[in-house]
Amino acid sequence: MVFDLDGGTLPAAYPFALWAALIRHIPELSAEKSAGILPLRGTGNNENLLLPKRAKLAMRLPTLLAEHIAARLTGHQLDIAGSPLRLGTAKARPIQPYPTIHAQQVTGVSDEVMFVEHIQAQLAEMQIKGKLICGKRHTISGDQQVLQGYSLVIHDLSPAASLQLQYTGLGEGRQFGCGIFVPYKVISGLSEG
């Protein structure tokens, strides 16, 4: 479910405050383990995140809950650690299979080699075959919590594996934007012709 946002400035550590504000409006959301909030896109520094005029809030929700939550949130203003965030119209956006997907942050151990080995073990347990590219280390901190991990690209996925990973994710902290995979569009043919 994707909501239009009335842009503005949020604290850089907004993920914890955003989840808390959503729970205040829809308490039953806290019991939904598969719910996830994709990281907001904007420009910022260590203190603030400036949202563009066409910013969107994307939530991963079970189909049965999506319409209910959209109806409850559309038009509401949330208080994100003292910064207002108004939610506009919501649209359902179905998940599509892509052979390459990425997550901005997947939580895990601080050692990169051990992190990759752990992810490979999780994928094997899920019977998913794909190739990994581990990216930059990230930390989300605030509200007396710290989540650490790496950005992660998984490619050469079958359509079924791509959908499974996008639905279930990897690691912890989906409500704070961690472990949620989205299509990674690759530009091909640049060296041709």
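Just so it is clear, none of the values below were taken in a lab; they were calculated from the coordinates. Just so it is clear, the structure is predicted and the values come from calculations on it, not from any experiment. Cβ: placed from backbone, ideal geometry, glycine included. Neighbour counts: every protein chain shown.
Here the ratio of the Cα radius of gyration of the chain to 2.2 N^0.38 Å is 1.05. Charged side chains reduced to their Cβ positions (Lys and Arg at +1, Asp and Glu at -1) give the stretch 101-183 a dipole of some 220 debye around its Cα centre.
Think of the stretch 101-183 as a dipole: +1 on every Lys or Arg Cβ, -1 on every Asp or Glu Cβ, centred on the Cα centre; then among I101, L152, L165, I101 lies furthest on the positive end. Pairs of Cα atoms in the stretch 59-104 fall into 10 Å distance bins, from 0 up to the last occupied one, in shares of 21, 38, 31, 9, 0 percent. Sequentially through the stretch 9-21, phi angles give Karplus couplings (6.51, -1.76, 1.60; θ = phi - 60°) of 10, 10, x, 4, 8, 5, x, 5, 5, 5, 4, 4, 5 Hz, Gly and Pro residues having no value and appearing as x. Starting from the Cα of V109, step 7 Å along the direction of its Cβ; do the same at A71; then give the gap between the two resulting points in nm. My value for the distance between the label points is 4.7 nm.
For the chain, adding -39500 (n - 2.57) for each run of n ≥ 4 DSSP H residues and dividing by the number of residues yields -7500 deg cm²/dmol at 222 nm. Along the stretch 87-99 the Karplus relation, 6.51 cos²θ - 1.76 cosθ + 1.60 evaluated at θ = phi - 60°, assigns HN-Hα couplings of 8, x, 5, 10, 10, 6, 10, x, 7, 10, x, 10, x Hz to successive residues, with x for each Gly and Pro.
On a per residue basis, the convex hull of the C-alpha atoms belonging to the stretch 33-134 measures out at 169 Å³.
For the stretch 2-91, what does the convex hull of the Cα positions come to per residue, in cubic angstrom? Intermediate values should be presented prior to the final figure.
On the way: hull volume 7.4 nm³, N = 90.
Dividing the Cα hull volume of the stretch 2-91 by its residue count gives 83 Å³.
Would you list, by chain and number, the aspartates and glutamates whose Cα falls below 19 Å from the Cα of K53, excluding same-chain residues fewer than 8 positions away? Those aspartates and glutamates meeting the cut-off are D4, D6, D79.
Under a model in which nothing but the beta-carbon of Lys, Arg (+1) and Asp, Glu (-1) is charged, the stretch 2-91 shows a dipole of about 240 debye around its Cα centre. Listed by chain and number, the lysines whose alpha-carbon sits under 22 Å from that of K131, ignoring those within fewer than 8 places in the same chain, are K185.
Highest mean packing comes first when the peptides 92-101, 155-164 are listed by Cβ atoms within 10 Å, giving 155-164, 92-101. The percentage of C-alpha pairs in the stretch 101-183 whose separation is greater than 18 Å is 35%. About the centre of its Cα atoms, the chain shows a dipole size close to 520 debye [charges on the beta carbon of Lys, Arg (+1) and Asp, Glu (-1) only; nearest 20 debye].
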